[in-house]
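Visitor: Structure incoming, see below.
The values are calculated or read from the model by the stated rules, or taken from the named source; none is laboratory data. As the structure is a prediction and not an experimental result, all values here were calculated from the model. Positions of Cβ are generated from backbone atoms using ideal geometry, with glycine treated the same way; all protein chains shown enter the neighbour counts. Only protein heavy atoms, including side chains, enter the accessible area calculation; ligands, DNA and RNA are left aside. Shrake-Rupley method; radii C 1.70, N 1.55, O 1.52, S 1.80 Å.
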Amino acid sequence: TWPTDRLDIDRRWAHQPTRRIYFAEIDPPWLRQLVKRWATWRLTSATKSPASIAVSTSSIRRFCRWAENDGTTLTAPAAITRELLERYRADVFLLDRSPGRKSGLLTDLKVFLDDVRLHDWAAELTAKATYYRGEIPRDGKWLPRFIDEFVMGQLETAQALGQLPDLTTRTVVMILIETGLRSVDCRNLPFDPITVDEVKAPYLRFFNHKLSREAVIPISDRLAEQIRRQQRDLAERFGTAPPLLLPRVRANQDGTIAFSYATLSRRLDVWLAACEVRDATGRPARVTAHQFRHTVGTRMINNRVPVDTIQQMLDHSSPQMTARYATIKHQTLRREFDRYQDRINISGEVIHLDPDGPL
């Protein structure tokens, strides 16, 4: 068992609930040592988080249990054959699990085996001991989970924002709505995250925990003033500037404990209910913190902002990640469809065609 606080020296993953990585039941011992070596490399190269490693080790444990029940003794790396992996794949697909979890069980095993082969950590592992393209079905392509403009129109008003319970919660929500930051990056902002350029335009400086790097994005004067208001309130409340801009409101004497995701999620639910926010069908709206990020990306796409600019705004590691937001929303599609429907005469006037006519 590895306690994650002993691995996470710089507390990059402190926001994750995973506190242990378990290697028990990964047998035989040679495989357990190999998994530990792989986990160390993935963690130190920052290509996987402790939570992700914990899921992967769980998947490998299941493979070991299956091999034991199958009567297969994993005496050496050479025992993991292509034929064995095919039989395991067939067993996984009979499980009463979600398609995503079935895919994850196979993907975790494949990534581990491919990394072992890449680094030549087990010379006896054959080149065919893997899964090939198309053998692990991928989850379908999902549209960005943006918040409908009908709902956003109700949330962004001064009256609605005024119903949030305190200044800190209001500041969190305003930052999320305008910038699309991940909630963990927002909740861990330093006390003074604002910087300005040569013409005094404000920018927000934050630490991208997912990519382990600092980033800077532009913000509005309205948001900058809200952050300044929060800073003045904190200085008055604590008598000095605490390390965090958004500390937990209660039971936080020195302001070192960040506003939690559970509190944010709970207050969003209460806020939407208090404002009686409804979707276009009249049903009570449900909004999560991460949906604000999808909404920012989708709004920018629909306003014809270049994908590389959106990539910088959301601080994605690759254009492929940003391309997910490039799915045209229904308003944009409707606008282009209506434009296509128009017929223009030589004077630039729209000709309203008879829908029953020959055209």
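Visitor: Tell me, which helices (runs of 4 or more DSSP H) wholly within the stretch 104-218 include 2 or more residues that are among the aliphatic types (A, V, I, L, M)?
Guide: 149-155, 158-161, 167-179
Visitor: Further question on the same structure: In the stretch 289-313, what residues are open to solvent by 40 Å² or more (accessible area, probe 1.4 Å), part of a loop (DSSP other than H, G, I, E, B) and in contact (Cβ under 8 Å) with a residue 40 or more places away in the chain?
Guide: Of everything in the stretch 289-313, just one residue is open to solvent by 40 Å² or more (accessible area, probe 1.4 Å), part of a loop (DSSP other than H, G, I, E, B) and in contact (Cβ under 8 Å) with a residue 40 or more places away in the chain, namely His290.
Visitor: Right, next: Would you mind stating whether Ser59 is within 21 Å of Tyr22 (Cα to Cα) and in contact with a Gly (Cβ under 9 Å, 6 or more places away or on another chain)?
Guide: So Ser59 fits the description; yes.
Visitor: Limited to the stretch 128-148, what total is found for residues that are modelled with pLDDT of 90 or more and either open to solvent by 60 Å² or more (accessible area, probe 1.4 Å) or among the β-branched types (Val, Ile, Thr) (or both)?
Guide: Number satisfying all stated conditions: 4.
Visitor: Got a number for residues in the stretch 44-84 being hydrophobic (A, V, I, L, M, F, W, C), closer than 23 Å to Ala123 by Cα and not in a loop (DSSP other than H, G, I, E, B)?
Guide: 7
Visitor: Which residue, of Thr179, Thr157, is hydroxyl-bearing (Ser, Thr, Tyr) and under 26 Å from the mean Cα position of the chain (by Cα)?
Guide: Going through Thr179, Thr157 in turn, the sole match is Thr179.
Visitor: Name the one entry in Ala273, Ala323 that is part of a helix (DSSP H, G or I), open to solvent by 30 Å² or more (accessible area, probe 1.4 Å) and modelled with pLDDT of 90 or more.
Guide: Values: Ala323 fails: modelled with pLDDT of 90 or more.
Sole residue among the options that is part of a helix (DSSP H, G or I), open to solvent by 30 Å² or more (accessible area, probe 1.4 Å) and modelled with pLDDT of 90 or more: Ala273.
Visitor: Considering only residues of the stretch 88-106 that are open to solvent by 50 Å² or more (accessible area, probe 1.4 Å) and closer than 20 Å to Arg133 by Cβ, which is nearest to the chain's Cα centre (by Cα)?
Guide: Pro99
Visitor: For the list (1) within 15 Å of Val172 (Cα to Cα); (2) within 25 Å of the chain's Cα centre (by Cα); (3) of a type in the set (D, E, K, R); (4) open to solvent by 50 Å² or more (accessible area, probe 1.4 Å), I need the number of the one condition that Glu214 fails.
Guide: Among (1) within 15 Å of Val172 (Cα to Cα); (2) within 25 Å of the chain's Cα centre (by Cα); (3) of a type in the set (D, E, K, R); (4) open to solvent by 50 Å² or more (accessible area, probe 1.4 Å), the lone unmet condition for Glu214 is (1).
Visitor: Does any residue of the stretch 212-233 turn out to be on the phi > 0 side of the Ramachandran plot, free of Cβ contacts under 8 Å to residues at least 24 places away in the same chain and out of contact with any strand residue (DSSP E or B) (no Cβ under 9 Å at 6 or more places or on another chain)?
Guide: There is no residue in the stretch 212-233 that is on the phi > 0 side of the Ramachandran plot, free of Cβ contacts under 8 Å to residues at least 24 places away in the same chain and out of contact with any strand residue (DSSP E or B) (no Cβ under 9 Å at 6 or more places or on another chain).
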